[in-house]
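Written out below as structure tokens is the structure these notes cover.
The values are calculated or read from the model by the stated rules, or taken from the named source; none is laboratory data. Bear in mind that the values here come from a model prediction, so they are computed numbers and not experimental data. Glycine also receives a Cβ, built like all others from the backbone with ideal geometry; neighbour counts cover every protein chain displayed.
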């Protein structure tokens, strides 16, 4: 008897070891039981499959979640509408080769199954891939079912949103009821293949939001979208450029389609984009033949009618501020729009209307030909010439209502709306009348004042030029005096610290010398551009090469930063700090003159594709040099200085690849015993986030 028990335990141990060693697969005669710690884990530990309870729910579900992400995030649920009450669920492969989920350990009450036809049932194996896809394979390599074809609320890289054109099966997202309830909620993201295919977000059975139609330009970046349309399938999916980045698109229970990226350092998901953004993104907010402008939402009525149309219900539009009833054509019964001098009015930069009632006349057609095609068909209400990636300019025509048109200056297209002859004449008359009135008024004014104007003009220009020259000279002198005063104060502060400092002259270069050195700021001498302005290479008459930073009028830095850099760098003398040769102040021109460093900035080498110049030895020497420069300004110099804008583009390299810290415009001087300081300005370098992409689908 004892021998039989030991033998049985030995068999169970072998079975457990076999199951554990193939942790990403489930074979016939193997099970995953809730309450026993059984899970499948993909080969690279990206995803896990097992039982879970969402939030505060007491029900159990079979699902897939991120295994490496600290915050448990479920991306797929098998039995979302059939929860299991208690930890009694069992997943296995039945005699027909299908995955089947039972709600009890006796395996008598099935709650979910793959339910596909398997030719060789005894070869079925389920495997969890590193993409998050759960596949059912027969005969080793034939996939008969996969979870990617049955998404829940999450779209992962490689998943599809679309449909199988042979079986009419839709790959769609469906929201959860709530954060604690995975049952199918009120919102669905689904492909509408009619006309030019679009993605629609449904609220119950009503349109709630839509993408712009396909085919479009190809957008590359973090999210690389693809659009496939063939005889078998039509769908959209995306891949990521950097496999180390964890991204997902989720349709939440409130009806928002969110693009999320995992931030490991913060331990949470960061939202990059959410649709719909505002009222104008809600489908048909301004009704048929209406146009929505989101910039008017908080200050005026956001709806307007397209050219040739007027509000269907003036009371709703002008009093209730409700544009959902849309617009109707002016002179609907009295003025035909076909064959009697009608034309087209351009409506620029819009999210093009719903293309369910539209069709591609051609995928490569000139604008004039596209207009003629629309003009020939009395049912054509509008047309657009749209740039299609790799195929030229296509002609898209609408043969019904123009619905859900939205202003979009960033990523919009031009559409041309059909109007009757009277409307066309009225628009032309208003334009011509305005120009005629403006022209007559201009002629009258010129006739009255021309004599005085000619006489006064030369006198005014002469006086203005003289005054401006005087003001510029005074301004330049005041700025030089200010720099001298500030330099003197820094000297006093340094002397109070201890020791004496020589007073090296601040060299003021003549403007004409800089003009000659840079070949009149030739574009061929341009080295680059920073926050201060443009940087030029120059050569003085003695052969010395220099770098000239020229303050731009649109620069993010100004007079204070200019003075700060002149004073501080003149005081700081170290082999790992850039050497300032002097400055130039001419009227409104402000320039800093440095020693020329031929190897440019550190970032230009770090982010160069070859990176062949920077071996590890040179990298180490650069790091040591930067550290010495920082140590000098923080501790060893008589002026304790905090740089406040240290980055790779501000580390310059000389001919021997020695690093030199530059750009002290934002630096601050600290007292020796001072450990903190207050500021009223935001300093440093701003970094942009991920661009709005999904609106360009």
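At a glance:
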{"item": "Complete set of residues in the range 629-657 that are in contact with a helix residue (DSSP H, G or I) (Cβ under 6 Å, 6 or more places away or on another chain) and modelled with pLDDT of 85 or more", "result": "651, 657"}
{"item": "Answer residue from the range 386-412, given it is outside any loop (DSSP other than H, G, I, E, B) and modelled with pLDDT of 90 or more and is farthest from residue 284 (Cα to Cα) among those", "result": "395"}
{"item": "Scope the range 152-203; condition in a loop (DSSP other than H, G, I, E, B), touching a helix residue (DSSP H, G or I) at 6+ places or on another chain (Cβ under 9 Å) and crowded, with 18+ Cβ neighbours inside 10 Å; matching residues", "result": "156, 159, 160, 195, 196, 197"}
{"item": "Complete set of residues in the range 202-221 that are within 16 Å of residue 405 (Cα to Cα) and modelled with pLDDT of 85 or more", "result": "207, 208, 209, 210, 211"}
{"item": "Residue 275 more than 20 Å from the chain's Cα centre (by Cα) and touching a residue at least 40 places away in the same chain (Cβ under 8 Å)", "result": "no"}
{"item": "Residue check for residue 565: over 18 Å from residue 517 (Cα atoms) and in contact (Cβ under 8 Å) with a residue 60 or more places away in the chain", "result": "yes"}
{"item": "All positions within the range 610-627 that are out of contact with any strand residue (DSSP E or B) (no Cβ under 9 Å at 6 or more places or on another chain) and either at pLDDT 80 or above or buried (at least 18 other Cβ atoms within 10 Å of the Cβ) (or both)", "result": "615, 616, 617, 618, 619, 620, 627"}
{"item": "Given (1) under 18 Å from residue 281 (Cβ atoms); (2) at pLDDT 95 or above, index of the condition residue 198 fails", "result": "(2)"}
{"item": "Flag for residue 374 being buried (at least 17 other Cβ atoms within 10 Å of the Cβ) and under 31 Å from the mean Cα position of the chain (by Cα)", "result": "no"}
{"item": "Hey, residue 329 outside the structural domain of residue 191 (by TED's automatic domain parsing), free of Cβ contacts under 8 Å to residues at least 12 places away in the same chain and within 20 Å of residue 288 (Cα to Cα) or not", "result": "no"}
{"item": "Residue in the range 99-121 that is farthest from the chain's Cα centre (by Cα), counting only those that are closer than 16 Å to residue 30 by Cα and surrounded by 21 or more Cβ atoms within 10 Å (Cβ to Cβ)", "result": "102"}
{"item": "Residues being touching a strand residue (DSSP E or B) at 6+ places or on another chain (Cβ under 8 Å) and closer than 24 Å to residue 421 by Cα - total across the range 317-349", "result": "13"}
{"item": "Those residues of the range 354-370 which are touching a residue at least 40 places away in the same chain (Cβ under 8 Å), assigned to a helix (DSSP H, G or I) and buried (at least 20 other Cβ atoms within 10 Å of the Cβ), in sequence order", "result": "355, 356"}
{"item": "Strands (runs of 3 or more DSSP E) completely within the range 39-89 that count 2 or more residues being over 27 Å from the mean Cα position of the chain (by Cα)", "result": "47-52, 59-66"}
